[in-house]
Amino acid sequence: MKLRITIILISFLTLSFIPTDTSAQRGRSKKKSKSSVDKAFDKDGDLLDKLWFGGMVSPGFSSSNQISEFAMGISPMVGYKVSEKLSIGPRISATYRHLRGLGYNGFSFTNDIKRGNTFSTSFALFGRYKILPAIFAHAEYEKSITNYTPVFRDNFNQLFLAVDPNTNDVLVEREIRNNAYLGLGYTSVGGVLNTEISVLYNVLDNSQSLSIPIVFRFGLNYNF
């Protein structure tokens, strides 16, 4: 009888330790998995703390010399903090434009209103360095693909949309450019959401281009 009770007790104690050992093994397995993969995406891995996000939305409307234009642009960017002061990352932009006005086909002026739509994009890599908490230097290399509608100016300084004489549609031309910007910017401090303004100069500006080489940007940053 005592032998039977002893065997039962030993069996019970043995079984009671099995789940504890399995649970410990599972805990070690989960901990190992987190250290290899999940840790990179939480604060312990320090990845999210090193990323900041920014961008701007630029709606606009203008009307001059019988041509009206509506534009909508968006420019998101992501920065990686190499150090507390230096960050690098990509920036992209997309701009839609809608134009309305009288047309000129190279021979005569049209009597009806013409409409043209263009869509332009750009891709860039940038670097930023915080000189002061609120002041930063910005350098950027950009490749832009700009689609635009040519205009014709008559002797009375009136503007007309260029029209294809065969199809009677508004002409759209494309310009591909490489730009390199250098400049300074200001950002508000305090909190994780900040506003910024920057003034950049395009050092690769073509002297024959009608565009101004100075660019002003306004936007928002998160965790910059």
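The values are calculated or read from the model by the stated rules, or taken from the named source; none is laboratory data. These numbers were taken from a predicted model, which means no experiment stands behind them. Ligands, DNA and RNA are excluded from the accessible area calculation, which covers all protein heavy atoms including side chains. Shrake-Rupley method; radii C 1.70, N 1.55, O 1.52, S 1.80 Å.
Of note:
- Karplus-derived HN-Hα couplings along the stretch 61-66 (A = 6.51, B = -1.76, C = 1.60, θ = phi - 60°), whole Hz, x at Gly and Pro: 9, 9, 8, 7, 6, 6
- Note on the stretch 135-224: Cα convex hull, mean projected area over all directions, 8.8 nm².
- Probe 1.4 Å, accessible area per residue of the stretch 40-132, Å²: 59 Å²
- 3J(HN,Hα) from dihedral phi, the stretch 95-103, Karplus parametrisation 6.51/-1.76/1.60, rounded to Hz, x for glycine, proline: 9, 10, 10, 10, 10, 9, x, 6, x
- The HN-Hα couplings worked out from phi for the stretch 161-177 by the Karplus form 6.51 cos²θ - 1.76 cosθ + 1.60 (θ = phi - 60°) are 6, 6, 10, 5, x, 8, 9, 6, 9, 5, 6, 10, 10, 10, 10, 10, 9 Hz, whole numbers, x standing for Gly and Pro.
- Between Val163 and Tyr104, Asn105, Gly106, Leu171, the built amide H atoms are under 5 Å apart, and every one of these is 5 or more places off in sequence or on another chain.
- Alpha-carbon Debye profile of the stretch 46-143, log10 I(q)/I(0) at 0.13, 0.14, 0.19, 0.22 Å⁻¹: -0.63, -0.68, -0.94, -1.10
- Amide proton proximity set for Gln66, modelled H, under 5 Å, gap of 5+: none
- Distances between placed amide hydrogens fall under 5 Å for Lys114 paired with Gly101, Leu102, Gly103, all partners being 5 or more residues away or on another chain.
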